[in-house]
Amino acid sequence: MKPKVIFMGTPDFAVPVLEKLIELTDVVLVVTQPDKLVGRKQELRFSPIKEKAIENNIKVFQPVKLLNEINEVLSYEADLIVTCAYGQILPEEILNHPKIAPINVHAS
């Protein structure tokens, strides 16, 4: 049985990490930054992580401030939480939530 994972990330840099997790685990939730209005026409743009999650039929959660909306994340059972360039500080309740551990992937 594949481990259940909550993935938290936003930019292009995080996409290969999510792709590998999709291949090797059961990604039950993706948490990413809210969509942004971009350019002169103020067109709504999804994060690269949201696009990859949608492509793979994975639920996406986009809190403006994670600290105020932790219950959504805590409602998912997870063996691991993996973060990669998410962009917000994770509350202690989320760091303590997975059965095994939270893991942070960093460029350095």
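Note on the chain: helix-only mean residue ellipticity at 222 nm, from DSSP H runs of 4+ residues weighted -39500 (n - 2.57) and normalised by residue number, equals -6000 deg cm²/dmol.
Using the Karplus relation 6.51 cos²θ - 1.76 cosθ + 1.60 with θ = phi - 60°, the per-residue 3J(HN,Hα) values for region 79-95 come to 7, 9, 10, 10, 10, 8, 6, 6, x, 9, 6, 8, x, 4, 4, 6, 4 Hz, with x marking Gly and Pro. Cross-link reach is defined here as a Cα-Cα straight distance under 19 Å, omitting same-chain residues fewer than 8 places apart; for residue 52 the lysines meeting it are 4, 20, 36.
Per residue, what accessible area does the chain have, given a 1.4 Å probe and all protein chains present, in Å²? Could the numbers behind the result be given before it?
Working: 6590 Å² over 108 residues.
Heavy-atom accessible area per residue stands at 61 Å².
Computing Rg and Dmax of the Cα atoms in Å directly from the structure and comparing it against [x] 13.5, 48; [y] 14.6, 44; [z] 18.8, 57 singles out [x]. A straight Cα-to-Cα reach below 16 Å connects residue 99 with the aspartates and glutamates 26, 77, 79, residues fewer than 8 places away in its own chain not being considered. Taking the chain as the reference, fit the longest principal axis to its C-alpha atoms, fit the long axis of helix 15-24 to the helix C-alpha atoms, and give the angle between the two in degrees, 0 to 90, nearest 10. For 15-24 against the chain, the angle is about 40 degrees.
For the chain, give the magnitude of the charge dipole about the Cα centre (Cβ charges: +1 Lys/Arg, -1 Asp/Glu; no others), in debye to the nearest 20. Before the final figure, lay out each step's value.
Values: 12 positive and 14 negative charges, 63 e Å.
Roughly 300 debye, rounded to the nearest 20.
Only one residue of 39, 71, 25 has its Cα farthest out toward the positive end of the dipole of region 18-76, where Lys and Arg carry +1 and Asp and Glu -1 on Cβ, and that residue is 39. Couplings 3J(HN,Hα) for region 64-73, derived from phi with the Karplus relation 6.51 cos²θ - 1.76 cosθ + 1.60 (θ = phi - 60°), are 5, 9, 4, 4, 8, 9, 5, 4, 4, 5 Hz, where x marks Gly and Pro. Placing R0 at 22 angstrom, the Cβ-Cβ distance between residue 38 and residue 65 gives a FRET efficiency of 0.55 after rounding to 0.05.
The values are calculated or read from the model by the stated rules, or taken from the named source; none is laboratory data. In this text the structure is predicted, and so the values were computed from the model without any measurement. Every residue, glycine among them, receives a Cβ derived from its backbone with ideal geometry; neighbour counts consider all protein chains shown. Just so you know, the surface numbers come from the protein's heavy atoms only, side chains and all, with ligands and any DNA or RNA stripped out. Shrake-Rupley method; radii C 1.70, N 1.55, O 1.52, S 1.80 Å.
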